[in-house]
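Undergrad: Let me begin by handing over the structure; questions about it come next.
Values in this text are rule-based calculations from the coordinates and carry no lab data. This is a predicted model, so every value here is computed, not measured. Cβ placement follows ideal geometry from the backbone for every residue including glycine, while neighbour counts extend to all protein chains displayed.
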Amino acid sequence: MDFSIGEDRQMLVDTLSRYLADKADWKAREAAIESDTGFDKAMWQGMAELGILGALFGEEVGGFGGSPFDIGVVFGEVGKALPPGPFLATLMAGKLLEAAGDAETLGNVIAGASIATFAHEPAVSADGSVAPQASASGSGDSWTVSGAKGVVDYLGSADVVVVTADTGNGLAAFLVETGASGVEIRDYPLVDGGAAGELTLSDAPARLLTDDASAIDTAIAAGLVATAWEAAAVMEVLRDETLEYLRTRKQFGIPIGKFQALQHRMATVALEIEQARSAAINAAANFGKDAATRDRFCSAAKYTVGKVGRLAAEEAIQMHGGIGMTWELPLSHYAKRLTMLGHVLGEEDEHLARFIELSMAA
Amino acid sequence: MNLDFTPEDEAFREEVRVFLKEKLPKRLSDKVRTGQHLGKADMEEWHAILNERGWLANHWPKEWGGTGWSVMQRFIFETETAIAHAPRVVPFGLSMLAPVLIKYGTEEQCRHYLPRILDGTDWWCQGYSEPGAGSDLASLKTQAVRDGDHYIVNGQKTWTTLGQHADWIFCLVRTSNEGKRQEGISFLLIDMKTPGIEVRPIKLLDGDHEVNEVFFTDVKVPVTNLVGEENKGWTYAKYLLTYERTNIAGVGSSMAMLDRLKEVARTTMRGGKPLIEDPLYAARLAKLEIDLENMKTTNLRVLDAAGAGHAPVAESSMLKIRGTEIRQEINDLMRRAAGRYAQPFIAEALDEGFNGEPVGPEWANPIASEYFNNRKLSIFGGSNEVQREIITKAVLGL
Ligand SMILES: Cc1cc2nc3c(=O)[nH]c(=O)nc-3n(C[C@H](O)[C@H](O)[C@H](O)COP(=O)(O)OP(=O)(O)OC[C@H]3O[C@@H](n4cnc5c(N)ncnc54)[C@H](O)[C@@H]3O)c2cc1C
């Protein structure tokens, strides 16, 4: 057994970590959040140039990594520094471009020349009704897609969208250009920073990427691995910041970390975060197994980071007292991000249910 | 045992309901229901409506404009107004300062300040906490030094809720550094327009401005603004903290929130079914409902004992903890119900007159920020840890 991430990956981590410390400090983050796009395009371009985006994909399509642990460490750094940007969108759209062998489109994405995002979950309208599955019609080189997708990451900045739609023979992935006819976009900010949008397609011209539905499942599984690693990293930041605060904040003449009531709570948080870290490792380690095993571990990880994420975020704020409630303290933004990661790609309960289902089928 | 309300109480409830139906402006209840921001004018409008009926200061003694209601009637009133989505009455002048003035202030102070609280002339804020004095309030440092007919005040208060609207602030200040820390604290009323006071906003994690820092530099305060005796402020402050506890559990507001949550769970689809039929979600909802029902009866038991003259100190701590946990849990379940739509956030939609399209379910926009904002419930008013300390010592004798 070997729990080290290896030399090459350590180099990747160091490069990314240095770059983010330099280019994505807290002030830059504030500015990015306030901007129309919700992220800093120059930072994105810089990361592409360093090859960070390429680390998410295999060599066959112009990347230089693409293993689940490569994905994990990149998203771990994202969780540590919290730069807003289309990381998950790039990963999931890119995995489907990779599956389709579309090295040209993916190459532009990896180079930062083009922004890609992934539109899968149906839109929900004001009265709570869920849009029907998007549908595709056509054949060969000539397809159109219609439907409505909800909360598509960084849609307003995207040049291309990988859209899932039903061909009548099952779910397939299509590439749609955001500038094409029949594409309508509503862009908005997110509560934890960054942006997303609602996508409405009316007979929008599309290119079929793959009609192998299992490729879509793989892309989602990669997204879950990434989300779990990001969440675990955010938790560790919250833990370290809170520990530091418990050591330095004094009330009643002593550091509040001397109160046993807080010590035991902090111990629980710390041990739970270790479990979340292990869950994230499990998801990456089982990524290459059969789909059912992979998905069970992905759901186990998403359930765990959802459950522990709530605890870690709430306890971090609580143990900081009033100061933990402020915008000025980065901690509150980590807490918000962690909580919102709980909503990405399915919530804790949904993954618990999925775990049960997959376990019963096994 | 009989848990029914008396016919008189039921008649009273009906009276309150009729009043709310007739007098609560739909514009205000809509704002409360949909989580929009209430401005100063909104809160003042509701205060004026209650005052016209003589119900604004319902817990004050009758001679000062109170109602003479029993604790049970007050509970019913608070519950019904919350269920009707009425704005919450701003507590600082009405529920915090006034009882202290009535008990410890001079006749003259009461005559001057109380009517102005009732008619809305003065907006009060609470100046207790300081950067270094939160849970350990007695360590406060803001200093008031006697100089002839005045005190000269220097120091800083923080977390001052709605201080940006305030005309006056009631402050705990240090007037002596001798003896026990608690015995050098005085209770001072300060006009916010006095030179040397600066109010700076603090932005909370949801982006909202509801708290402030207040700085005092050589602020001259007439000694007639002292409440009670010098160096006895701690006693008054403690009285203030334990006085208005009938509503600490927030039963009415939780009931209103739970109704809304259930409606959401019925209309939200998850995996092709209403969320309320999802076994895991249904279990969360059921546990919450059971907790609320249990707390409701606990609250009534405490009120019943209070009516019989028992001062509910430790019981208030229990109600504060459970009440805030339940409200936070409701916020959590709302957030879960929204699924991915918890994340989009259009800040302008919280302002009156927003007529843009909502994103996703029409109720979803404010719920993540409400969840984050309500993390404050377990921090302020004596943190839940501090409340547990009180239970440990006062009830359990450990
Ligand atoms: C939104 C908001 C509005 C507020 N409004 C007002 C207002 O209008 N006026 C006003 O005066 N104040 C106000 N407050 C301040 C509030 O009362 C304080 O935040 C609270 O007393 C906690 O103090 P603190 O923030 O300094 O945290 P600290 O006291 O530093 O506490 C940090 C953590 O340590 C824990 N802790 C402290 N001591 C102990 C102990 N002995 N044992 C176990 N755990 C302990 C606390 O529970 C908390 O988890 C407000 C606060 C907030 C967040």
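Undergrad: Could you give P(r) for the stretch B:246-396, binned at 5 Å from zero, as whole percent values over all Cα-Cα pairs?
TA: So the P(r) values, bin by bin, are 2, 9, 16, 17, 17, 13, 10, 7, 5, 2, 1.
Undergrad: May I pose another question? Listing B:321, A:5 from the residue with the fewest other Cβ atoms within 10 Å to the one with the most, what is the order?
TA: A:5, B:321
Undergrad: Can you give the alpha-carbon Rg of the stretch B:148-204 over 2.2 N^0.38 Å, where N counts its residues?
TA: 1.27
Undergrad: Could you work out which residue, out of B:59, B:85, B:209, moves most in a Gaussian network model of chain B, that is, has the largest mean-square fluctuation with Cα springs under 10 Å?
TA: Highest fluctuation of the listed residues: B:209.
Undergrad: Here's something else I'd like to know. Report Rg/Rh for the stretch B:36-85, rounded to two decimals, where Rg is the Cα radius of gyration and Rh the Kirkwood radius.
TA: Answer for the stretch B:36-85: 1.02.
Undergrad: If you take the Cα atoms of the stretch A:118-212, find Rg, then find the Kirkwood Rh from the mean of 1/r over all pairs, what is Rg/Rh?
TA: Expressed as Rg/Rh, it is 0.97.
Undergrad: For peptide A:122-129, how many partner chain Cβ atoms fall within 10 Å of a residue's Cβ, on average? Intermediate values should be presented prior to the final figure.
TA: Numbers: counts 1, 3, 10, 6, 8, 3, 14, 4.
Going residue by residue through A:122-129 and averaging, the value is 6.
Undergrad: Right, next: Using the Cα atoms of the protein assembly as shown, I'd like the radius of gyration and the largest Cα-Cα distance, Dmax, both in angstrom.
TA: Rg and Dmax of the protein assembly as shown, Cα atoms, are 28.5, 94 Å.
Undergrad: Rounded to the nearest whole Å³, what is the per residue volume of the convex hull around the Cα atoms of chain A?
TA: It comes to 152 Å³ per residue, whole-number rounded.
Undergrad: On a 0 to 90 degree scale, rounded to 10, what angle separates helix B:71-83 from the longest Cα axis of chain B?
TA: Long axis of B:71-83 versus the principal axis of chain B: about 50 degrees.
Undergrad: Residue farthest toward the positive end of the dipole of the stretch B:25-65, with Cβ of Lys/Arg at +1 and Asp/Glu at -1: which of B:54, B:32, B:64?
TA: B:32
Undergrad: Quick one: which of B:363-373, B:282-292 comes out on top by average Cβ neighbours within 10 Å, and what's the full order, highest first?
TA: Going from most to least packed, we get B:363-373, B:282-292.
Undergrad: If you don't mind, another one. Can you count the Lys pairs in the stretch B:83-201 with C-alpha separation below 23 Å, eight or more apart or on different chains?
TA: The result is 5.
Undergrad: Right, something else. With Cβ to Cβ distances under 9 Å as the rule, what net charge do the other residues near residue B:174 carry (K, R +1; D, E -1)?
TA: Cβ neighbours under 9 Å give a net charge of +2.
Undergrad: Could you state, as a whole-number percent, how many of the C-alpha pairs of chain B are farther apart than 42 Å?
TA: 14
Undergrad: On average over all directions, what projected area in square nanometres does the stretch A:215-361 have, based on the convex hull of its Cα atoms? The partial results should precede the final answer.
TA: Numbers: hull surface 36.2 nm².
Projected over every direction and averaged, the Cα hull of the stretch A:215-361 covers 9.1 nm².
Undergrad: Considering lysine pairs in the stretch B:245-394 that are 8 or more places apart or on different chains, how many have Cα atoms under 21 Å apart?
TA: 9
Undergrad: In square nanometres and to one decimal, what's the mean projected area of the convex hull around the Cα atoms of the stretch B:322-398?
TA: 6.3
Undergrad: Can you tell me what the convex hull of the Cα atoms of the stretch A:9-61 projects to on average, as an area in nm²?
TA: The number I arrive at for the stretch A:9-61 is 4.2 nm².
Undergrad: OK, next. Quick one: among A:280, A:81, A:213, which has the greatest mean-square fluctuation in a GNM of chain A with alpha-carbon springs under 10 angstrom?
TA: Top of the fluctuation ranking is A:213.
Undergrad: How far is the Cα center of the stretch B:1-77 from the Cα center of the stretch A:26-54, in Å?
TA: About 51 Å separates the Cα centre of the stretch B:1-77 from the one of the stretch A:26-54.
Undergrad: How large is the Kirkwood hydrodynamic radius of the stretch A:7-115, in angstrom, based on all distinct alpha carbon pairs?
TA: 13.9
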